[in-house]
Every structure is written in structure tokens, then in C-alpha cells.
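What follows is a single structure, written as C-alpha cells, with notes after it.
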Amino acid sequence: MRYKKIVEGTFIDRPNRFVAHVFVNLNGDTKKETVHVKNTGRCKELLLPGVSVRLEESDNPDRKTKYDLVMVKKDGLGWINMDSQAPNKVVYEWLKKQDYTYVKPEYTYGKSRIDFYMEKGDEKYLMEVKGCTLEVDGVGFFPDAPTERGAKHLRELAEALKDGYRACIAFVIQMPGIAEVRPNDITDPEFAKAYREAVAKGVKVLFLRCDVGYDSLDIIGGETAI
């Protein structure tokens, strides 16, 4: 997955979850801009005053904000892609390179819209995708804010097993050097409970490691946790 045009800047503050103030570096000049944040999570451990950020410049002249904040640099770790739309985009590209005979995004099952439906011969698969940007002591954690939808989707995946589907939750690790994601019991105990119940029933877990490039995000490996 590649962005069209990336510019660099320095984070100032985030008055609400949708926008941030950033000093944007343009041809040697610095300009303060209000930018759109492409992640409604808390990201408090990432968006600290003075950290380096990367922005995608919009080609829509009618937008209220000219830039989207898509990456942030974390001391001791490196660049993190915090674009919440990136995981589904990069997984779709990755799935099309696997040996599935059919891949469909946004598949309705039960009362939920599951991220992907795939087929391989007579086998039917459902995959829910979650992006991970929270790192603690070399381990990824999800979520970084409570998510009712996350627990609901896990329960739907567990039910799908009874209907003959193979089901999987895939964590896209949007940062370097992290190979494992664990449920965040402190932030969202309900998700953690649903996660463990789903795994116990047979829902597979996939950790998708990524390379965070200057203007790109690429899946470089995946491991099944169970």
C-alpha cells in the first residue's frame, strides 16, 4: 500500500480525536497546519508534543484540511503507521497474492459486516482485520481504546464456525520489530474475554508483520498464533 505524496512535520497537539496541529516542513519553510488524524483511537503514547510525523497531502482542493496524519515516530521503536484505513487496504493486496480463488471485502454475516470473505476450493473463510499501533515492552496490544464492535465481531466469527466457515482474526502490526499482539485486558476487558472465548472455540489468530516505509506499508510475514 502506497501513499501519493508524503510530507514531514512536527506534532504540536490534538484538540480532538479528528484533528491535530502540526508544524509542516515545506521546502525548508515551516508552517502550522490543522490536519486530519486518520485514527480515532487515543494514541496518547504516540502523539506527544515534538514528535516527528508524516502526512499525506490531499489532492482534493475543496477539503477543509490539506493533510492527513498517517505516521508517527516513536523513540526506541521507529516509524509507526497509525492510519486506521491502512490495515484493510494492505490485507486486501496481500490476500490477492495468496492462493484463494475468491476474495470479497465487506461481507455480511449475521448482524455484522466482516472485513473479508474468501474461498479456496470448497472451503469458505471469514477474516476480521484489526490494526495494532500500541506497543508495550516489545509486545503489541489491541485495542488502545474500548471497542464494542471488536467483541461483537469475534462472537460472530465463533458462530460462523458452526456454519462451516473457517474463521480468523488478523492483526496488522503497523510498526517494526513486533511479532505478537495480545488482548488489552486493562483497556477493554470485554474484548479480551471475547477474544479468548473465540480462540477456544477455534477462531484462528494471524499476526501480520509489516514494513513501514517512507510512503508505504507492506506485509512482510504472517504467523498463526495457535
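Dipole of the stretch 6-81, Cα-centred, from +1 at each Lys and Arg C-beta and -1 at each Asp and Glu C-beta, to the nearest 20 debye?
Working: 13 positive and 11 negative charges, 66 e Å.
Here the stretch 6-81 has a charge dipole of around 320 debye.
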> Using alpha carbons only, how many degrees (0 to 90, rounded to 10) separate the axis of helix 148-162 from the longest principal axis of the chain?
Replying inline: 30
> In straight Cα distance, which lysines are under 22 Å from LYS5, not counting same-chain residues fewer than 8 positions off?
Replying inline: LYS31, LYS32, LYS38, LYS64, LYS66, LYS73, LYS74, LYS89
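By how many nm would the segment from SER216 to ALA200 grow when fully extended, if each residue of separation counts as 0.36 nm and the alpha-carbon distance is taken off? Don't jump to the answer; show the numbers that get you there.
Values: separation 16, 0.36 × 16 = 5.76 nm, distance 3.52 nm.
Contour length minus the Cα-Cα distance gives 2.2 nm.
Exceeding 28 Å between C-alpha atoms, which entries from my cross-link table qualify? They are LYS104/LYS204; LYS96/LYS162; LYS44/LYS104. Write out the running numbers ahead of the final one.
On the way: LYS104/LYS204 19 Å; LYS96/LYS162 26 Å; LYS44/LYS104 34 Å.
Correct reply: LYS44/LYS104.
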> Counting each DSSP H run of 4 or more residues in the chain as -39500 (n - 2.57), what helix-only mean residue ellipticity at 222 nm follows after dividing by all residues, to the nearest 500 deg cm²/dmol?
Replying inline: -5500 deg cm²/dmol
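Give me the number: length gained by fully extending THR10 to GLU123, i.e. 0.36 nm times residue separation minus the C-alpha to C-alpha distance, one decimal in nm.
Working: separation 113, 0.36 × 113 = 40.68 nm, distance 4.82 nm.
Working it through step by step, the gained length comes to 35.9 nm.
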>> Explain nothing, just the number: dipole magnitude of the chain about its Cα centre with +1 on each Lys and Arg Cβ and -1 on each Asp and Glu Cβ, in debye rounded to the nearest 20.
In response: 400
> How much FRET efficiency would the formula 1/(1 + (r/R0)^6) give for ASN27 and GLU93, where r is the Cβ-Cβ distance and R0 is 41 Å, rounded to 0.05?
Replying inline: 0.80
> Each residue of the stretch 80-88 in order: what ³J(HN,Hα) in whole Hz does its phi give by Karplus 6.51 cos²θ - 1.76 cosθ + 1.60, θ = phi - 60°, with x for Gly and Pro?
Replying inline: 10, 7, 10, 7, 6, 8, 5, x, 5
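Could you calculate the contour length gain from ARG113 to LYS193, that is, 0.36 nm times the residue separation minus the distance between their Cα atoms, to one decimal place in nm? It would help to have the intermediate numbers written out before the result.
Details: separation 80, 0.36 × 80 = 28.80 nm, distance 2.08 nm.
Result for the pair: 26.7 nm of gain on full extension.
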>> Can you give me the long-range amide H partners of SER216? Hydrogens built in the peptide plane at 1.01 Å from N, cutoff under 5 Å, separation of 5 or more residues or another chain.
In response: TYR3
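Read-outs throughout are calculated quantities, based only on the coordinates presented, and are distinct from any laboratory measurement. Given the structure is predicted, the values throughout are model-derived calculations rather than measurements. Note: ideal-geometry Cβ built from the backbone for every residue, glycine included; neighbour counts use all protein chains shown.
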